[in-house]
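The values are calculated or read from the model by the stated rules, or taken from the named source; none is laboratory data. As the structure is a computational prediction, the values presented were derived from the model and not from experiment. Counting neighbours? That spans all protein chains shown, and the Cβs are built from the backbone with ideal geometry, glycine included.
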Amino acid sequence: PYIVAEVAVNHQGDVEQAKRMVYIAHALGADAIKFQLHFPDREMLREVPHSQNFDEPLYDILVKTHLEVEEHQALKQLCDSLGITYLCTPFSKEAADVLDHLEVSAFKTGSGELTNLPLQEHIAKKRKPMIISTGMSTIEEIAETVGLVQAVGTPFVLMHCVSAYPTPYNIVNLGLMPKYLERFQVPV
């Protein structure tokens, strides 16, 4: 197995906490550690319906918890020095461009962006391997994204994902993995 330590924005916007997480993930033997790169003003509107999943608007949470580009650069350098792969999910074309400039080895796209075909295509055209999350999507939506990325010719894997945290065992649905393998003929 290839172990990816998921950080996302759990560092709460504190780069020193993020660095500690890199050291811990490395010490525990993780192969990679994954963050998120957000430019809130380029990703979403400020005025949107309030989600029941959060105590405050998602926009406000992302403003508080995102790291600056220079901080991501420092995290990438730290990961490189330790020998753990730095992964990061972009949520905009600008974020993907920054990560490409940082010379990430692969792109991880979030489940919520599976149907954002302009973003998927922008990332695919960078010709770096992709890890494409499938949570919250129908098989038809997954097929559309798979077709787009295959048309570009970029290597990718599908990541079976359930967008419920923590995921209750009764909805894990690991049986989808062999179905994805059979239907799409790509690594899952």
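Could you check region 133-161 and list, in sequence order, the residues that are modelled with pLDDT of 95 or more, surrounded by fewer than 17 Cβ atoms within 10 Å (Cβ to Cβ) and either touching a Cys at 6+ places or on another chain (Cβ under 6 Å) or assigned to a strand (DSSP E or B) (or both)?
Val157
Mind checking which residues of region 134-161 are out of contact with any Leu (no Cβ under 7 Å at 6 or more places or on another chain) and within 20 Å of Asp97 (Cα to Cα)?
Val149, Val152, Gly153, Thr154, Pro155, Phe156
Evaluate the following for Gly83: is it at pLDDT below 95 and not β-branched (Val, Ile, Thr)? Spell out how you get there, then give the answer.
On the way: at pLDDT below 95: no; not β-branched (Val, Ile, Thr): yes.
Considered against the rule, which asks whether it is at pLDDT below 95 and not β-branched (Val, Ile, Thr), Gly83 comes out as no.
State the number of residues belonging to region 3-35 that are under 16 Å from the mean Cα position of the chain (by Cα) and polar (S, T, N, Q).
Residues that pass the stated criteria total 1.
Checking Lys128 against (1) among the basic types (Lys, Arg); (2) touching a helix residue (DSSP H, G or I) at 6+ places or on another chain (Cβ under 9 Å); (3) not in a loop (DSSP other than H, G, I, E, B), which test does it fail?
Every condition holds for Lys128 apart from (3).
Quick check on Met130: is it surrounded by 15 or more Cβ atoms within 10 Å (Cβ to Cβ), modelled with pLDDT of 95 or more and aliphatic (A, V, I, L, M)?
The answer is yes for Met130.
Output the number of the condition that Tyr169 fails; it satisfies all remaining conditions of (1) crowded, with 19+ Cβ neighbours inside 10 Å; (2) aromatic (Phe, Trp, Tyr); (3) over 23 Å from Ala18 (Cα atoms).
Of everything listed in (1) crowded, with 19+ Cβ neighbours inside 10 Å; (2) aromatic (Phe, Trp, Tyr); (3) over 23 Å from Ala18 (Cα atoms), Tyr169 misses just condition (1).
Consider Leu181 carefully, then state whether it is under 19 Å from the mean Cα position of the chain (by Cα) and of a type outside the set (Lys, Arg). Outline the logic, then answer.
Values: under 19 Å from the mean Cα position of the chain (by Cα): no; of a type outside the set (Lys, Arg): yes.
In short, no.
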